[in-house]
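Okay, so here's the structure we're looking at.
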Amino acid sequence: MSLQRSSTADKNIVDRSKPHRNSDVARAVRKTRDRLSQQSGNPDFDRELLKLHARAMVSGVTAIPLLVVAIAAAGLFAGMGVEILIWALLAVTCYTALALIARRIDRTEAAEVKPAQARRDFLLAHFASGLGWAYFASLGCNACALDQFPIVKAVILLLAMAATAIMTSSLSGALLATFVVPVAAYAGIGTSLWVPAEAIMLVLLVVALLFFAYVARHLNRSTVMLLSFRTEKDGLIAELETAKSMSDEARRRAEEANLAKSRFLASMSHELRTPLNAILGFSEVMAKEVLGSMGNPTYRDYADDIHDSGQHLLDLINEILDLSRIEAGRYQLNEEPVMLLHIAEDCCHMMELRARNKDIRITQDFEATLPRLFADERAVRQIVLNLLSNAIKFTPTGGEVRVRVGWTAGGGQYVSVRDNGPGIPADEIPVVLSAFGQGSIAIKSAEQGTGLGLPIVQGLIAMHDGEFQLHSKLREGTEAIAIFPPTRVMEELPALPMRAVAAGRRR
């Protein structure tokens with residue numbers, strides 16, 4: 001049999017078991033990611049790339065100058081003259097100018113950066129620093145003790161090339177602008193091609209320049225892709241924040257509207273009960289001819305109809321009032337120790353006459369002894385009466401309603417009402433659990449009712465921290481179970497020994 005539960009008495013039932021996804025949004029996001037993963041660059045990120053390059057140059061402002069100073073110190077130690085100091089001063093000056101340009105762009109807002117001008121300034125500064133390395137490539141050292149000084153220069157150029165490739169990956173073309181001239185100067189001035197070792201170092205420099213340029217280009221593409229994903233993520237976060245704010249506002253308005261509705265229903269129900277009581281009283285007096293004979297039996301029948309209609313309307317108003325109080329949180333529980341067995345038995349006796357009119361048998365299956373519950377007796381009685389009323393209403397003539405009261409597996413207590421009626425389709429159970437909701441069977445059979453009985457039961461059970469379950473299957477019947485938690489069960493105190501009782505009396 002299908003098991004259905006509901007934690008709210010609201011008529012808007014949301015099925016959270018089905019995944020709700022916006023396929024158009026998901027498809028657009030997937031298409032955008034595929035497009036970003038295939039393209040090599042995006043002109044929209046020029047400013048961000050320039051800012052990243054400026055930040056990298058500012059953070060590594062001392063790396064290349066320290067390398068230059070170390071090379072100059074090693075050259076002086078090897079016996080090179082003042083030329084190495086001139087080169088060191090020129091190289092440090094060029095890198096200082098590059099650092100100043102980078103600092104200026106780093107401190108400028110991204111929206112105010114002019115990409116074309118900033119890129120041109122960076123490339124010119126890198127080209128100027130490359131002229132310093134070209135001057136280093138043209139240096140000679142006749143007084144040095146090193147036999148393979150050109151090889152040492154090639155190794156130093158490789159180190160500088162690798163460091164520059166890593167630092168300038170955000171700016172495409174910066175590596176070539178820096179080291180094309182130094183490699184050419186090394187080939188034309190400082191290398192003897194008839195020496196095999198120097199020729200190999202020249203080829204190594206050319207291949208290394210192309211390889212590092214390739215690596216720098218791929219690092220640039222990776223940076224662009226990361227920026228694209230970051231922009232997409234920021235856009236999605238902004239959309240989610242907007243949707244969340246709209247949802248919060250809609251929820252706040254819905255809560256205010258629901259509270260206003262509950263207050264209105266509570267107020268109107270109270271205002272309507274006073275004239276209805278007068279209608280019921282006067283119609284009953286007229287129907288029973290308390291003040292004298294009416295003379296026409298039709299008038300007496302009309303008075304009975306007025307009384308019955310007024311009673312039905314009063315019952316409806318009372319149900320609306322109870323549901324409104326529960327939803328508004330104004331239903332006050334008068335909690336006290338109650339016996340669930342006695343309440344269920346009384347309710348069965350109260351519904352016995354109604355069941356006999358439809359030739360329905362009410363059977364009781366109660367536990368022998370159950371401790372008391374700490375609950376509101378009126379609420380518990382209303383829960384049992386509503387469940388019995390529904391069961392008798394939809395049980396066919398000659399059927400059976402079975403009422404059970406006992407222990408739950410967790411130590412709580414439950415009351416179960418089962419009928420052998422037509423049952424409820426699985427897709428209609430959320431409807432019958434909602435306020436004013438009625439299933440197709442109730443509509444076809446024109447059963448009188450407002451659809452408030454089960455929502456009231458749910459609300460009252462929830463106020464007792466309990467649980468309401470509804471099992472139903474077509475052509476087999478329905479079972480409604482109201483479960484009270486173990487915290488509501490009161491343990492019985494052990495009996496005092498007779499000696500202790502007698503001693504207490506003497507005192």
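What to note about this one:
- Residue count for the stretch 106-145 under the criterion of being in contact (Cβ under 8 Å) with a residue 40 or more places away in the chain, part of a loop (DSSP other than H, G, I, E, B) and open to solvent by less than 90 Å² (accessible area, probe 1.4 Å): the result is 7.
- Some residue of the stretch 276-288 being assigned to a helix (DSSP H, G or I), open to solvent by less than 80 Å² (accessible area, probe 1.4 Å) and under 24 Å from residue 326 (Cα atoms): yes
- Against the test of being under 29 Å from residue 122 (Cβ atoms), touching a residue at least 12 places away in the same chain (Cβ under 8 Å) and open to solvent by less than 30 Å² (accessible area, probe 1.4 Å), the options 177, 163 yield a single qualifying residue, 177.
- Every residue from the stretch 172-184 that is small (Gly, Ala, Ser), out of contact with any His (no Cβ under 9 Å at 6 or more places or on another chain) and at pLDDT 85 or above: 184
- Taken as a whole, the condition of being open to solvent by 90 Å² or more (accessible area, probe 1.4 Å) and either out of contact with any Lys or Arg (no Cβ under 7 Å at 6 or more places or on another chain) or of a type in the set (Asp, Glu) (or both) applies to residue 271.
- Evaluation of residue 303 against (1) surrounded by fewer than 13 Cβ atoms within 10 Å (Cβ to Cβ); (2) at negative phi (one fails), failing number: (1)
- In the stretch 252-274, residue nearest to the chain's Cα centre (by Cα) [restricted to those that are modelled with pLDDT of 80 or more and not aliphatic (A, V, I, L, M)]: 252
- Of the candidates 249, 239, 198, the single residue that is modelled with pLDDT under 80, surrounded by 10 or more Cβ atoms within 10 Å (Cβ to Cβ) and either of a type outside the set (Gly, Ala, Ser) or part of a helix (DSSP H, G or I) (or both) is 198.
- Meets criteria (assigned to a helix (DSSP H, G or I), basic (Lys, Arg) and within 16 Å of residue 56 (Cα to Cα)) for residue 103: yes
- Criterion violated by residue 308 - all others in (1) at pLDDT 75 or above; (2) under 45 Å from the mean Cα position of the chain (by Cα) satisfied: (2)
- Selection of first residues in the stretch 55-80 that are within 20 Å of residue 164 (Cβ to Cβ) and of second residues that are open to solvent by 40 Å² or more (accessible area, probe 1.4 Å) and of a type in the set (Asp, Glu), restricted to Cβ pairs under 6 Å at least 6 apart or on distinct chains, gives the following pairs, ordered by first then second residue: 55/106; 58/106.
- Boolean, residue 395 is surrounded by 22 or more Cβ atoms within 10 Å (Cβ to Cβ) and hydroxyl-bearing (Ser, Thr, Tyr): yes
- Candidate set from the stretch 334-354 (those that are within 41 Å of the chain's Cα centre (by Cα) and loosely packed, with under 14 Cβ neighbours inside 10 Å); member that is modelled with the highest pLDDT: 336
- Identity of the residue in the stretch 212-236, of a type in the set (S, T, N, Q) and within 30 Å of residue 179 (Cβ to Cβ), that ends up most open to solvent (accessible area, probe 1.4 Å): 222
The values are calculated or read from the model by the stated rules, or taken from the named source; none is laboratory data. Just so we're clear, the structure is a prediction, and the values are computed from it rather than from any experiment. Please note: Cβ atoms are built from the backbone with ideal geometry, for glycine as well, and neighbour counts cover all protein chains shown. Areas reflect the complete protein model, heavy atoms only, side chains present, ligands, DNA and RNA absent. Shrake-Rupley method; radii C 1.70, N 1.55, O 1.52, S 1.80 Å.
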